Amino acid sequence: MTHGRQIVTTIGTPVQVSSDLTTHSRITFQALYANTGYIAIGGPNVRARDGEQNALLLKGGTSLEMQTFLNVRLSDLWLDGTVANDGIAFVAE
């Protein structure tokens, strides 16, 4: 099992979740509690911005929304946000 976090530094510029090439049976993501915007998780062209959104969104703040991917590598997943310095935490099994 591995865990970590990733932060979106620039809105509209997807960030790779991790360089980990291991195939995991389950990866669970949670938007960081302190987030003020939305996070989108997808491929290298993922977009979170309104009008460009092309993936499911996770909301931070008081929500506990989570998104799970099965049999995938962390290196295949990217994230984008609507607010710089928002991010996600993850657990990979």
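The values are calculated or read from the model by the stated rules, or taken from the named source; none is laboratory data. Just so it is clear, the model here is predicted, and its values are computed rather than measured. All Cβ positions, even for glycine, are placed from backbone atoms using ideal geometry, and neighbour counts span all protein chains on display. Keep in mind that these areas ignore ligands, DNA and RNA; they rest on the heavy atoms of the full protein, side chains included. Shrake-Rupley method; radii C 1.70, N 1.55, O 1.52, S 1.80 Å.
Being within 19 Å of Arg73 (Cβ to Cβ), open to solvent by 30 Å² or more (accessible area, probe 1.4 Å) and touching a residue at least 40 places away in the same chain (Cβ under 8 Å), is that true of even one residue in the range 41-51? No, the range 41-51 contains no residue that is within 19 Å of Arg73 (Cβ to Cβ), open to solvent by 30 Å² or more (accessible area, probe 1.4 Å) and touching a residue at least 40 places away in the same chain (Cβ under 8 Å). Within the range 51-64, can one find any residue that is touching a helix residue (DSSP H, G or I) at 6+ places or on another chain (Cβ under 7 Å) and not small (Gly, Ala, Ser)? Checked the range 51-64: no residue is touching a helix residue (DSSP H, G or I) at 6+ places or on another chain (Cβ under 7 Å) and not small (Gly, Ala, Ser).
Of all residues in the range 69-87, those that are more than 13 Å from Ile11 (Cα to Cα) have Cβ atoms under 7 Å from Cβ atoms of residues that are among the charged types (D, E, K, R), 6 or more apart or on another chain, in Leu70/Arg26; Arg73/Asp20; Leu74/Asp20; Ser75/Asp20. Once the range 74-93 is narrowed to residues that are part of a strand (DSSP E or B) and over 17 Å from Ala55 (Cβ atoms), the residue that is least open to solvent (accessible area, probe 1.4 Å) is Ala92. Based on this model, can you work out whether Asp80 counts as of a type in the set (D, E, K, R) and over 14 Å from the mean Cα position of the chain (by Cα)? Judged against the criteria, Asp80 is not a match.
Considering only the range 23-40, how many residues are more than 21 Å from Asp76 (Cα to Cα), surrounded by 15 or more Cβ atoms within 10 Å (Cβ to Cβ) and polar (S, T, N, Q)?
Of the residues in the range 23-40, the ones more than 21 Å from Asp76 (Cα to Cα) are 33-37.
Still in the running and surrounded by 15 or more Cβ atoms within 10 Å (Cβ to Cβ): 35, 37.
Narrowing further to those that are polar (S, T, N, Q): 35.
Here the count works out to 1.
Scanning the range 7-22 for residues that are in contact with a helix residue (DSSP H, G or I) (Cβ under 9 Å, 6 or more places away or on another chain) and surrounded by 12 or more Cβ atoms within 10 Å (Cβ to Cβ) yields a total of 4.
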